[in-house]
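Here is the structure we will look at, set down as structure tokens.
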Amino acid sequence: MGTLRILIVEDDPDSNEVLRLLLEAANYEVRTAFSARAAIELATEHAPDLAFIDIGLPELDGFALLAVLRAQRELRQTKFVAITGYDLRMLPSSPTGGFDHYLLKPVGPEAILGAVSALFPAPDR
């Protein structure tokens, strides 16, 4: 597998930028969106391998966005990570609310990169 394509969906500009810089420094191809609508367009155009999605987005929350993205055929292999300040007990119907991984804010660099490694383990050499 080549460089991972990662989409960040976070409406807070500072959080979005810090996450982008961290993932780019780890040599991932990163695109960012500040809204669900922009995320849908980017995901459709660029089919990320992984998407980090903030749950507390305006207009369309992270759970609704996840449902829209999972319904797209070109994204059937995409992994999704929720990043949120919401308590785990707030998630609908399952411990991760349909996400492949869940991170509770504040999230440090080790947790972000650990989530990537957990979902995309390096092949044995």
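What follows is calculated from the coordinates using simple rules that are stated; it is not laboratory data. Keep in mind it's a predicted model, so treat the numbers as computed, not measured. Backbone-built Cβ (ideal geometry, glycine too); neighbour counts: all protein chains shown.
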Residues with amide H under 5 Å of ASP12's amide H, sequence separation 5 or more or different chain, H placed in the peptide plane at 1.01 Å from N; which? none
With r as the distance between the Cβ atoms of ASP61 and LEU104 and R0 = 22 Å, compute the FRET efficiency 1/(1 + (r/R0)^6) and round to 0.05. 0.85
Obtain the nm distance between the two label points defined at ALA25 and ALA118 by a simple spin-label model: each point lies 7 Å from its Cα along the Cα-to-C-beta direction. 2.1 nm
The rounded separation in angstrom of the Cα centers of the stretch 51-82 and the stretch 18-43 is 13 Å
Quick check for me: using +1 on Lys/Arg Cβ and -1 on Asp/Glu Cβ, what's the dipole size of the stretch 5-119 about its Cα centre, in debye to the nearest 20? 440 debye
Does the chain classify as rounded, prolate or oblate by the C-alpha gyration tensor (a ≥ b ≥ c root eigenvalues; a/c under 1.5 gives rounded; else a/b over b/c gives prolate, otherwise oblate)? rounded
Modelling each spin label as a point 7 Å along the Cα-to-Cβ direction, I'd like the ALA47/ARG70 distance in nm, to one decimal. 2.0 nm
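Would you work out the relative contact order for the chain, in percent, from Cα pairs under 8 angstrom that are 6 or more residues apart?
21 percent
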For every helix of n ≥ 4 consecutive DSSP H residues, a contribution of -39,500 (n - 2.57) applies; sum these over the chain, divide by its total residues, and give [θ] at 222 nm rounded to the nearest 500 deg cm²/dmol. -10500 deg cm²/dmol
